[in-house]
Amino acid sequence: MKGKLSIFCMLTALAVLQVACNRSNSDNGPIRLNQVGYAPEQEKTATIVLDEPFTAFILDESGDTVLTANSQQLIAKENPISGKTCRIVDFSSLTTPGEYTLCVKNELSIFNFQFSIRERPYRELTRKALRAYYHQRASMATEEPYAEGYARPAGHPDDHVLVHASAATDERPEGTVISSPGGWYDAGDYNKYIVNSGYTMGVWFMAYEMNKEYFDTLKLNIPESANANANANAKHVPDMLQEAMYNLRWMLTMQDTDGGVYHKLTEPDFEGFIRPDQCQKPRYVVMKTTAATLDFAATMALAARIYAPFEDAFPGFCAQAKEAAEMAFAWALDNPEVYYDQPAMNEQFAPAITTGAYDDFDVDDEFYWAAIELAILTGDKAYKMVATDHAKAIAEANGQYTPSVWGNVAELGYLELLMHYDEVTNHQSPITNLTTSLLEYLQPFLDEAETISVFRSPYGNRESDFFWGCNSEGCCWRGIECLYAYHFTGDKRYLRNAERCLNYILGQNATGYCYVTGFGTKPTSHPHHRLSFSHPKGTLPGFLAGGPNPARQDAETDGVKYPKDVPADESYLDYQPSYASNEVTINWNVTLFALAAGIDVLDAQDAKKE
Ligand code: G3I
Ligand code: 9MR
């Protein structure tokens, strides 16, 4: 029997290799798996989306069959979103590093797809996802050797920014010119938005705190990597904190003299798909808002704490950030309900502004997060009281655990409280009680990964998981929540589910795309990204696409046509005009690298143990 099987396998292997020569590897047929790679000890599964009998087998580099399974042996499951029949092949038993091919053969065809098992498969992914921010830098050229093939001229100097009528004060009347250079372009567009920048910085520094040693040594190849500006005795600043400083310096310029913070720095309407240096539209700072001011306060309070060990490299920065945070918070207390309502603003002031709104009409969560960060930084009781008041309001308003997104930052405050409980309360915590709400919130998703999921994932099993930006705000973020749960409990189930979220992003999903540009065999290649579109070399690597979005706000604009009756988890177009499913942004990339880095750290520990 054994002999027969191996002859069959050899013959099939030959057929497969033949087919491999004829097929493009980006055509993954019914095979869905993580296209970037698996660490040796990681759980490894592939999903076969096929409603017919098939045989699956895995070949190693020398063409030997190392695993076979046929569809009768595998449990058939229906994708809860699309109803499509799927089966999961588990090849976790393969732990030898190498390149492998998964082949699926049915009566008429053979499909094959390569994957790799190797040490530290997510290190380069983390690095590129972080380097994306260097490419997003406004007001400067990106140059070699740092641009790694994607150099471009400078644009948007932002040293001649006009105060919009909505932001005018006696001290800075309409048309006053201010300088607000630097920072990162938000996304596929060239504007700079404080709400989203603040959220991004929050997740950024939380990722840093969680894995300091890892980030301290991660090299990004950016102009500041050499730490050339610091005096000789200064402690070496890690690259990821250098990169963040580029954005923080810009954020500081967005604070008005009264402590309030402009909602955004923007052109009146979106630029075309041209290079930064070709852009001509005037740029404005627009209206101070409570949400922007509080996100700024939280960011600066965090930054004042994170950069404290680097005072020699950035003299005076921490004091400046602390003062800016306290002034901003005071402004918000005096102006607690100034919301960004773009249509209403445009009725009152000219020119009309039609770029991204990042509007938010509930700021209890922003008060809560900023108060928690200021309480951690200063230990001041007054901030704790504000945090307590707003925690009550948040609980009364929606009662249920709500994951964090740019417009709802309560969970950032909560996770920060868990991480710094004794600094806030001055006594050791009954931390296990406090983590209950996180763990209870995650449990149903973990259960679904084991039961109904066809992608063996805690994400992607409910229609509500799919919306604008869900790859980050749904999938990566759930993975990050699992990493926190792992941090607090040490229970490996959480780590495994964080890895499963990353597998989903990297190809084990309904569309079969690896949603990170430049990675995997079938990557997102046409993002809604002006920097990519206008670059002669094309799409920049390391960017996470927004993901399937059944709301399709972009349908019928600029030729965006979704196929008819497409299920929610396939409502994605790798098509440049599709801004509602295929844009990239700073707040989404931060969740990608936080998740990938968190897993890479733990893989590195596993690798060391052996
Ligand atoms: O809040 C409602 C919720 O109650 C409802 O159930 C749900 C149903 O779809 O919609 C929720 O509102 C969504 C909102 O995001 C909050 O998440 C809107 O439908 C959705 O259109 C909105 O999308 C935002 C989009 O801008 C449009 O405003 C994205 O989150 C946000 O990431 C995106 O940000 C843009 C910037 O404006 C400009 N720069 C690019 C960036 C990325 O696309
Ligand atoms: O390019 C814009 C993108 O950055 C925004 O996220 C998106 C939603 O605000 O809007 C995009 O711009 C589109 C505009 O809203 C409608 N016309 C087509 C524009 C893209 O070419």
Checklist entry - With (1) within 16 Å of ligand 1 (Cβ to nearest atom); (2) touching a Leu at 6+ places or on another chain (Cβ under 8 Å); (3) farther than 20 Å from Ile31 by Cα as the list, and Tyr515 as the residue in question, which single condition is left unmet? => result (3)
Item to check | Selected residue (criterion: farthest from Arg496 (Cα to Cα)) from residues of segment 57-113 that are among the acidic types (Asp, Glu) and open to solvent by 60 Å² or more (accessible area, probe 1.4 Å) | outcome: Glu107
Checklist entry - Does any residue of segment 138-146 turn out to be assigned to a strand (DSSP E or B) and modelled with pLDDT of 95 or more? => result yes
Item to check | Which numbered condition Asp186 fails, given (1) within 15 Å of ligand 1 (Cβ to nearest atom); (2) open to solvent by 10 Å² or more (accessible area, probe 1.4 Å) | outcome: (2)
Checklist entry - Quick check: anything in segment 284-304 crowded, with 24+ Cβ neighbours inside 10 Å, within 16 Å of ligand 1 (Cβ to nearest atom) and part of a loop (DSSP other than H, G, I, E, B)? => result yes
Item to check | Filter result for Met254 (within 17 Å of the chain's Cα centre (by Cα) and either more than 26 Å from Ala151 (Cα to Cα) or crowded, with 22+ Cβ neighbours inside 10 Å (or both)) | outcome: no
Item to check | Criterion violated by Tyr214 - all others in (1) farther than 28 Å from Glu583 by Cα; (2) crowded, with 21+ Cβ neighbours inside 10 Å satisfied | outcome: (2)
Checklist entry - Does Pro121 satisfy the criteria of being buried (at least 21 other Cβ atoms within 10 Å of the Cβ) and either touching a strand residue (DSSP E or B) at 6+ places or on another chain (Cβ under 8 Å) or polar (S, T, N, Q) (or both)? => result yes
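So that you can scan it fast, the table gives a plain yes or no per residue for (1) touching a residue at least 24 places away in the same chain (Cβ under 8 Å); (2) within 16 Å of ligand 1 (Cβ to nearest atom); (3) outside any helix (DSSP H, G or I):
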{"residue": "Ile452", "(1), (2), (3)": "yes, no, yes"}
{"residue": "Trp468", "(1), (2), (3)": "yes, yes, yes"}
{"residue": "Glu473", "(1), (2), (3)": "yes, yes, no"}
{"residue": "Arg493", "(1), (2), (3)": "yes, no, no"}
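Could you tell me whether segment 381-389 includes any residue that is touching a Phe, Trp or Tyr at 6+ places or on another chain (Cβ under 7 Å) and at pLDDT below 95?
Yes, because at least one residue in segment 381-389 is touching a Phe, Trp or Tyr at 6+ places or on another chain (Cβ under 7 Å) and at pLDDT below 95.
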Checklist outcome for this item: Among Ser581, Ser534, Ser525, the single one that is polar (S, T, N, Q) and more than 21 Å from the chain's Cα centre (by Cα) is Ser534
Checklist entry - Would segment 583-601 turn up any residue that is surrounded by fewer than 21 Cβ atoms within 10 Å (Cβ to Cβ) and modelled with pLDDT under 95? => result yes
Item to check | Pairs, first in contact (Cβ under 8 Å) with a residue 24 or more places away in the chain and among the acidic types (Asp, Glu) in segment 551-580, second within 16 Å of ligand 2 (Cβ to nearest atom) and open to solvent by 50 Å² or more (accessible area, probe 1.4 Å), C-beta under 6 Å, six or more apart | outcome: Asp554/Tyr579; Asp574/His526
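Residues that are open to solvent by less than 10 Å² (accessible area, probe 1.4 Å) and away from ligand 1 (no atom under 16 Å from the Cβ), at least 3 per element: which helices (runs of 4 or more DSSP H) completely within segment 307-422 meet that? Walk me through how you get there before you give the answer.
Values: elements: 317-334, 342-348, 364-378, 381-398, 410-419.
Per the criteria, 317-334, 364-378, 410-419.
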Checklist outcome for this item: Within segment 527-572, the count of residues that are open to solvent by 30 Å² or more (accessible area, probe 1.4 Å), within 11 Å of ligand 1 (Cβ to nearest atom) and not in a loop (DSSP other than H, G, I, E, B) comes to 0
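The values are calculated or read from the model by the stated rules, or taken from the named source; none is laboratory data. Everything numeric in this text was worked out from a predicted model, so none of it was measured. All Cβ positions, glycine included, derive from the backbone under ideal geometry; neighbour counts span all protein chains shown. Side chains are part of the model used for accessible areas, which takes the heavy atoms of the whole protein and leaves out ligands, DNA and RNA. Shrake-Rupley method; radii C 1.70, N 1.55, O 1.52, S 1.80 Å.
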